[in-house]
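Peer 1: Below you will find the structure I want to go over with you.
The values are calculated or read from the model by the stated rules, or taken from the named source; none is laboratory data. Nothing here was measured: the structure is a model prediction, and the numbers come from that model. Quick reminder, even Gly has a Cβ in these numbers, built from the backbone with ideal geometry, and neighbours come from all protein chains shown. These area figures cover heavy atoms from the full protein model, side chains too; ligands, DNA and RNA do not enter into them. Shrake-Rupley method; radii C 1.70, N 1.55, O 1.52, S 1.80 Å.
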Amino acid sequence: MKTEYMIHREVDLILSALTPENRLVARVLLHTGLRLSDVLSLRTDQLKPRFWVTEMKTGKRKQVGLPEPLLSDLREAAGETWVFPGRSPGKHRTRQAVWKDIKRAARAFRFAQNIAPHSIRKVYAVELMQRYGDLAKVRRALNHSSDTVTLIYAMADAQLRAKHKMRSAGRKRS
């Protein structure tokens, strides 16, 4: 089942229910649009206002920037090697730990849609599309090869609205 978009109110609720460590992970996801595995594999020595990340899924490089308040929070929480240290020595936090926490938060608020860490990437894409109105810019920010894939992300809010409209129309007929 594919992950779905969240409106701002839902993002705020999810963030409020996460553990402090996973909330920090989610803030980086929201600010950079990176995939969860790329955020979790950030090394402490990378923490600068601007730095390069090589995406694990695609092998493509992407430059990201972090605003000072987020950068300070990351430096304060970072381990010796990993920005998000895991329980096992020498390893970073696992994708599963963050995934479970976000799923738990979504269940707690009884969200109908399928919320997972990748939902945050869709929030990032929609915000960029709303800010710039330029699909090519959003595609470059997400490091996608195709406009078709980027459209799925950048129009996730419209898809959610259409889905809710169909649900409410179905209820009116009943």
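Peer 1: Taking Val64 as the residue in question, decide whether it is in contact with an Asp or Glu (Cβ under 7 Å, 6 or more places away or on another chain) and free of Cβ contacts under 8 Å to residues at least 40 places away in the same chain.
Peer 2: Taking the combined requirement at face value, the residue does not satisfy it.
Peer 1: Taking the stretch 3-12, which residues are surrounded by 18 or more Cβ atoms within 10 Å (Cβ to Cβ), of a type outside the set (A, V, I, L, M) and either at pLDDT 95 or above or in contact with a Phe, Trp or Tyr (Cβ under 8 Å, 6 or more places away or on another chain) (or both)?
Peer 2: Across the stretch 3-12, the qualifying residue is only Glu10.
Peer 1: Next question, about the same structure. Scan (1) buried (at least 18 other Cβ atoms within 10 Å of the Cβ); (2) within 21 Å of His144 (Cβ to Cβ) for the single condition Leu66 breaks and write down its number.
Peer 2: It is condition (2) that Leu66 fails.
Peer 1: Give the stretch 27-46 a look and list any residue that's among the hydrophobic types (A, V, I, L, M, F, W, C) and either closer than 11 Å to Tyr124 by Cβ or surrounded by fewer than 16 Cβ atoms within 10 Å (Cβ to Cβ) (or both), or say none.
Peer 2: Val28, Leu29, Leu30, Leu34
Peer 1: Across the stretch 69-98, which residue is farthest from Ser119 (Cα to Cα) among those that are among the β-branched types (Val, Ile, Thr) and surrounded by 15 or more Cβ atoms within 10 Å (Cβ to Cβ)?
Peer 2: From the stretch 69-98, those among the β-branched types (Val, Ile, Thr) are 81, 83, 94, 98; that's our starting set.
Subsequent filtering for residues that are surrounded by 15 or more Cβ atoms within 10 Å (Cβ to Cβ) retains 83, 94, 98.
Values: Val83: 22, Thr94: 18, Val98: 13 Å.
Only one residue fits best here, namely Val83.
Peer 1: Is there a residue being touching a residue at least 24 places away in the same chain (Cβ under 8 Å), assigned to a helix (DSSP H, G or I), more than 14 Å from the chain's Cα centre (by Cα) and surrounded by fewer than 18 Cβ atoms within 10 Å (Cβ to Cβ) anywhere in the stretch 136-144?
Peer 2: no
Peer 1: Shifting gears a bit: Between residues in the stretch 70-96 that are closer than 10 Å to Leu47 by Cβ and residues that are in a loop (DSSP other than H, G, I, E, B), which pairs lie under 6 Å by C-beta distance while being six or more apart or on different chains?
Peer 2: Once the first residue is closer than 10 Å to Leu47 by Cβ and sits in the stretch 70-96, its partners that are in a loop (DSSP other than H, G, I, E, B) give Leu74/Leu47; Leu74/Val83; Arg75/Leu47; Val83/Leu42.
Peer 1: Would you check which residues across the stretch 13-26 are over 16 Å from Gln96 (Cβ atoms) and either part of a loop (DSSP other than H, G, I, E, B) or open to solvent by 10 Å² or more (accessible area, probe 1.4 Å) (or both) and list them?
Peer 2: Leu13, Leu15, Ser16, Ala17, Pro20, Arg23, Leu24
Peer 1: Filter the stretch 145-159 for residues that are surrounded by fewer than 18 Cβ atoms within 10 Å (Cβ to Cβ) and modelled with pLDDT under 80 and give the result.
Peer 2: Ala158, Gln159
Peer 1: In the stretch 99-129, which residue that is free of Cβ contacts under 8 Å to residues at least 24 places away in the same chain and open to solvent by 80 Å² or more (accessible area, probe 1.4 Å) is nearest to Phe84 (Cα to Cα)? Quick ask: steps written out before the conclusion?
Peer 2: If we filter the stretch 99-129 for residues that are free of Cβ contacts under 8 Å to residues at least 24 places away in the same chain, which is where we start, we get 100, 103, 107, 110, 112, 127.
Then drop every residue that is not open to solvent by 80 Å² or more (accessible area, probe 1.4 Å), which leaves 100, 107, 110.
Values: Lys100: 16, Arg107: 24, Arg110: 28 Å.
That would be Lys100.
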